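Heads up: the structure comes next, in structure tokens.
The values are calculated or read from the model by the stated rules, or taken from the named source; none is laboratory data. Bear in mind the structure is a predicted one, so any value in this text is a computation, not a measurement. Here Cβ is always computed from backbone atoms with ideal geometry, including for glycine, and neighbour counts include all displayed protein chains. Calculation scope for accessible area: heavy atoms of the full protein, side chains included, ligands and nucleic acids excluded. Shrake-Rupley method; radii C 1.70, N 1.55, O 1.52, S 1.80 Å.
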Amino acid sequence: MKRIISLIAIIAFSVAAVSCDKVILTEPDEVQLEVNAHNISGQWQLLKWNGEELAEGTYVYLDIVRNDKTYTMYQNMDSFTDVPHVLTGSYFLYTDEELGSIIRGNYDHDGGEWAHRYTIKSLTEKEMLWVATDAPSFTQQFVRVESIPVE
């Protein structure tokens, strides 16, 4: 009889201990997409640069085109805040065995190549993270947008 009472006490204590634990529901991690021209195409806004949000009133938007692997960049970081500086060019995707998916590009009109090549560390339906291959502290976090308001 003592065994049954002890067993019931242990079960009751276990149930009480388990019921006190908080159940925390978490959102499943967003699905990582394969890095390819189809999945990166679209309109993106630079949200953070090197982990910091852009200064108020400044912006960078990218319109990435899948078919001909071109882009148009609208930014005011080096111009008057109400006048966008528009840059166009081509981009190239390739895979590095050690680093993963790399994007590099050039500017039209004899502008030369981008200052960095970037590893695309994360790509979801809504966000994209680029890390410079030669300077890992140089990061750019983009969010997908419905439209570019400065075209």
Next item on the list: Go through segment 105-122 and give me each residue that's open to solvent by less than 60 Å² (accessible area, probe 1.4 Å), more than 14 Å from M73 (Cα to Cα) and touching an Asp or Glu at 6+ places or on another chain (Cβ under 8 Å).
Entry: H116, T119
Notebook entry, point to check: Quick one: how many residues across segment 83-105 are in a loop (DSSP other than H, G, I, E, B) and within 17 Å of D134 (Cα to Cα)?
Noted result: 3
Item checked: Selection within segment 37-52 - of a type in the set (D, E, K, R) and either more than 13 Å from the chain's Cα centre (by Cα) or farther than 10 Å from Q140 by Cβ (or both) -> E52
Next item on the list: For segment 54-91, name all the residues that are exposed (fewer than 13 other Cβ atoms within 10 Å of the Cβ) and under 23 Å from N39 (Cβ atoms).
Entry: N67, D68
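Taking segment 47-65 as the search range and keeping residues that are in a loop (DSSP other than H, G, I, E, B) and farther than 23 Å from Y107 by Cβ, which one is modelled with the highest pLDDT? Steps first, please.
Step one: list which residues in segment 47-65 are in a loop (DSSP other than H, G, I, E, B), which gives 50-51, 54-59.
Keeping just the survivors that are farther than 23 Å from Y107 by Cβ gives 51, 55-57.
Working: G51: 93, A55: 89, E56: 88, G57: 87.
Selected residue: G51.
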Checklist line | Residues that are in contact (Cβ under 8 Å) with a residue 12 or more places away in the chain and either in contact with an Asp or Glu (Cβ under 9 Å, 6 or more places away or on another chain) or not charged (D, E, K, R) (or both), drawn from segment 68-84 | finding: T70, Y71, T72, M73, Y74, Q75, N76, M77, T81, P84
